Amino acid sequence: MSFPSLLDGPDLHGGAEPATSHLARLGLNLLSGSELIDALDQSDLRGRGGAGFPVGRKWRSLAGRQGPRVVIANGAEGEPLSFKDRLLMQARPHLVLDGAVLAAGAVEADQIVLYIGREHSAAADAMLHALAERPARERGLIRISRAPVAYVSGEETAAVQFVNRGVALPMSVPPRPFEAGVRGRPTMVQNVESLAAAALIARRGGAWYRSSGTLLVTVTGAVARPGVIEIRLGTPVAEVVERAGGRPGSIQALLLGGYFGGWVAADDAWDLPLHPERLRATGHSLGCGVVAPLPVDRCGVAETARIVSYLAGQSAGQCGPCVFGLGAIAETLRRIAIGLSRPDDLARLDRWSAELPGRGACRHPDGGAGLVRSALGVFADDFAHHLARRGCTAARPLTAGVA
Amino acid sequence: MSEPSARRWDGPRGVARVGTSRLSLGVDRIRCDGRGYCAELLPEMIRLDDWGYPIVSSERVPDHLLDHARRAVAACPLLAIRVAEDGRSR
């Protein structure tokens, strides 16, 4: 069936699609409730917020619980390189709302919170406007909550805590949100693109998604036309970079999956399929769908130092290993990048990044550590040059890329 | 339940483990302040990182270490560590 699917319809830059156009184009949902959950299982749709959890299984885990339930539609896109969630909310708000309402119906939730980043003004305006076009029984279920501008705001326990008491910081688990979330109720936190995909699966079925499903990726960095594009599941990296106007010869490596993802050397990246499971099988992560080529004249060590410094600064500051571990890794990377390395720096980076995963309330330290480990491999030659105080292969002055 | 007893000798370390409980260790990372008592009381399963925060084995607690694990749990001034079925937390 049709391609694109999520971004099909009127001009993306012409503002939010009105309800009339949305309904004329897509019609009503055919599947709902347990039939829809079965279709989601069949579709093998994975969560598009970054973790890639199977959507059908998430809905099922909520559906089986007792008492009033809550759905949080997660549109807090804290990843600095990702723009797909805000574009989707901005341009196709009714698809997101369809998905949220279907989710609430399937898991028997009587409350939906649209959790939208405070910086995503256009997206929030579009959602609010779209909400006014919905039937009263839906409007009664839904409210909008604006997430603080921070990397961790979109983490699912942070979303729950913000709705509960206005503090968007991750919480220790258990209990997980599906056990006890908003006001202690079983709560489903689902990324807005996942909800939009579910709304299409409700119309076209699980088999359709499995064979012709799409996902949104943000292409940024060394390309002529950075932006959000919709691709079929499994599209190779090379095709995506080409569509965005990137020239393979000018690219040395790619950051896949965003700041929680990892670096891949360009020659190893071109054939990789942008598909959650198939990419995972190659040892890489689709994350939130960021594809960011690094040009040949930029220093991968300095770029990694900049990103990890950002992540260390974005730690919620609640867990020692994240505060001290990620902080020390960032500082060491900065020293190496500006030519002030110490002899055992690489060994320390290797040990610290191996010790970090699993040692925070959320996965913030895991994300930073994974990025560092990928950098140590992909930019091994550059690290060696920096440690030998010879500078790196990139033409720029060493300090240029360091925040 | 066996009576709490002095540390049982199970032969050379790593050999002749008689059994493994269904219990594992979990740390509430937000509560944990890196006091380090746990690592002192259960060095077989807990060591400290460069800043004094615990690195905890994800293995199940062997029977012969259960008493020591419970002592480590009881000693934490912040009640940050627990031993439970699937006690692992993030």
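Every number in this text was worked out from the coordinates using simple rules, so none of it is lab data. All figures in this text were calculated on a predicted structure; none of them were measured in a lab. Don't worry about glycine lacking a Cβ; one is built from the backbone with ideal geometry, like all the others, and counts go over all protein chains shown.
With only the Cα atoms considered, the protein assembly as shown has a convex hull volume of 161 Å³ per residue. Across peptide A:320-327, the average count of Cβ atoms from other chains found within 10 Å of a residue's Cβ is 4. Backbone amide hydrogens, once placed in the peptide plane, bring A:V290 within less than 5 Å of A:T218, A:G257, A:G258, excluding anything fewer than 5 places away on its chain. Take each peptide in A:93-104, A:249-260, count the other Cβ atoms within 10 Å of every residue, and average; sorted highest first, the result is A:93-104, A:249-260.
Highest mean first, the peptides A:333-345, A:215-227 sorted by other C-beta atoms within 10 Å per residue fall in the order A:215-227, A:333-345.
Applying the Karplus relation 6.51 cos²θ - 1.76 cosθ + 1.60 with θ = phi - 60° to the stretch A:10-23 yields 3J(HN,Hα) values of x, 3, 5, 9, x, x, 5, 6, x, 4, 4, 5, 4, 5 Hz, where x marks Gly and Pro.
Near the amide H of B:S21, within less than 5 Å, lie the amide hydrogens of B:V61, B:D63, all on another chain or at least 5 residues away, with H placed in the peptide plane. Placing +1 on the Cβ of every Lys and Arg and -1 on the Cβ of every Asp and Glu, with no other charges, gives chain A a dipole of roughly 660 debye about its Cα centre. Remark on A:S145: its backbone amide H falls under 5 Å from those of A:L114, A:Y115, A:I116, a criterion applied only to residues 5 or more positions apart or on other chains, H modelled at 1.01 Å from N. So how tilted is helix A:121-132 from the main axis of chain A? Cα-based, degrees 0 to 90, rounded to 10. Tilt relative to chain A: about 10 degrees. Tilt of helix A:156-165 relative to the longest C-alpha principal axis of chain A, in degrees (0 to 90, nearest 10)? Helix A:156-165 and the main axis of chain A meet at about 60 degrees.
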